[in-house]
């Protein structure tokens with residue numbers, strides 16, 4: 001023990017360089033000791049709580065990095081488990097993320113189960129209509145709009161104004177849960193939105209001095225006029241205009257099934273025009289089969305060719321004109337229609353085949369559609385026969401609609417005439433209205 005004192009005494013008389021080196025070495029040793037002490041203390045705490053490993057890595061100076069790394073890994077694992085629980089707990093089941101699909105499509109209108117929860121005072125006819133919407137038994141923009149307005153007629157006739165209320169104010173409150181139920185069954189179409197907006201305008205403008213039954217009859221009469229003027233008569237005018245574009249010997253190409261295009265083709269056949277039809281179809285709905293059955297059931301049957309979308313490049317060269325339907329037409333001229341319509345229109349433009357879009361003016365939307373990702377709807381998995389196994393990482397994703405740019409459309413056939421797709425917003429001004 002007396003020997004260290006001579007060594008320490010000369011150390012104080014060494015050169016300044018050695019003193020700095022010794023100070024640095026002592027500082028490093030002190031830091032390593034403090035790190036080792038902290039690591040040992042942390043390890044003891046973990047062992048006492050039953051969470052730490054049994055190894056003693058505190059004896060090594062460099063082993064202090066191991067607890068830090070494990071701590072980061074534990075935090076990462078905890079955060080990932082929280083994310084997984086949050087994603088799965090949103091639906092109340094462990095397979096919640098799988099039912100939502102990819103994140104990029106999480107904002108799409110997801111298919112609802114047929115027995116979704118009924119909230120509020122819902123009329124039985126609305127409940128039945130919601131089930132038909134969710135099961136796709138009523139499909140198509142015109143069919144859904146007519147079915148909705150017809151159901152609202154029943155709701156209005158069965159409505160009774162509460163005491164100390166007026167029909168023009170309380171009826172809209174009564175219709176709100178009915179509309180919400182239909183939207184929960186399936187996302188609202190543009191046609192339904194325009195019709196409901198017009199119905200609310202008529203309700204707010206009804207005379208409060210009219211007897212209740214007379215006011216309800218007047219509203220039902222206005223609903224009938226809307227269906228007659230904006231859909232039925234409009235379709236007849238469009239038929240007369242579009243039939244003139246079909247010549248004898250033409251090959252007409254169409255995609256999926258549009259009720260208006262079907263009426264045009266049957267009208268041309270009734271006028272003894274000789275033409276053939278190419279029906280292009282695609283999954284998941286395969287609506288072209290219904291159109292094919294309707295065209296071949298005529299006497300004599302219309303010559304038809306049925307093919308799926310991958311065969312389009314070999315058939316587009318044989319067609320003379322393309323007739324397409326639309327779900328909605330937007331202010332920038334883009335067409336929102338069944339998924340695959342954009343491919344048909346673009347390929348037809350590439351081969352200089354005229355593309356005629358048949359669309360009523362009540363399908364016009366004042367919004368702008370840039371692509372099919374901002375707004376869309378997913379088809380139920382029941383339309384996909386080859387469903388992946390439950391333990392598979394594959395997921396079925398079937399968007400129902402896409403957006404066709406206005407540059408791919410030759411003309412839009414409406415009840416007010418043939419117009420360019422970009423001129424649809426000028427129709428109300430030409431007719432002296434504020435909106436379509």
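Bear in mind that the values in this text are calculations on the coordinates, not laboratory data. Quantities reported herein were computed from a predicted structural model and do not represent experimental measurements. So basically every Cβ, Gly included, is an ideal-geometry build from the backbone, and we count neighbours across all protein chains shown.
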Worksheet item: Label-point separation (nm) for residue 274 and residue 154, each offset 7 Å from Cα along Cα-to-Cβ?
Response: 4.9
Discussion item. Once each part is reduced to its C-alpha centroid, what is the distance from the stretch 249-298 to the stretch 155-229 in angstrom?
Written reply: 36
Worksheet item: Equivalent-ellipsoid semi-axes (√(5λ), Cα gyration tensor) for the stretch 124-235, whole Å, largest first?
Response: 24, 17, 11
Worksheet item: If each of residue 251 and residue 375 carries a label point 7 Å out from its Cα toward its Cβ, how far apart are those two points in nm?
Response: 3.7
Worksheet item: Once the Cβ-Cβ distance between residue 22 and residue 42 is put in as r, and R0 is 41 Å, what FRET efficiency do you end up with, to the nearest 0.05?
Response: 0.85
Discussion item. Taking 25 Å as R0, compute the FRET efficiency from the Cβ-Cβ separation of residue 298 and residue 224 and round it to 0.05.
Written reply: 0.25
Fill in: Extension gain, residue 118 back to residue 31 (0.36 nm per residue minus Cα-Cα distance, nm)
24.6 nm
Practice prompt. Mind ranking 364-375, 123-134 by how tightly packed they are, going by the mean number of other C-beta atoms within 10 angstrom, highest first?
Written response: 123-134, 364-375
Worksheet item: For the residues 384, 282, what sequence is obtained by ranking on other C-beta atoms within 10 Å, fewest first?
Response: 384, 282
Practice prompt. Would you mind ranking 255, 306 by Cβ crowding within 10 Å, fewest neighbours first?
Written response: 306, 255
Discussion item. Neighbour counts of other C-beta atoms within 10 Å: give me 250, 207, 281, 217 arranged from fewest to most.
Written reply: 207, 217, 250, 281
Discussion item. Which order do the peptides 329-341, 136-148 come out in when sorted by mean C-beta neighbours inside 10 angstrom, highest first?
Written reply: 329-341, 136-148
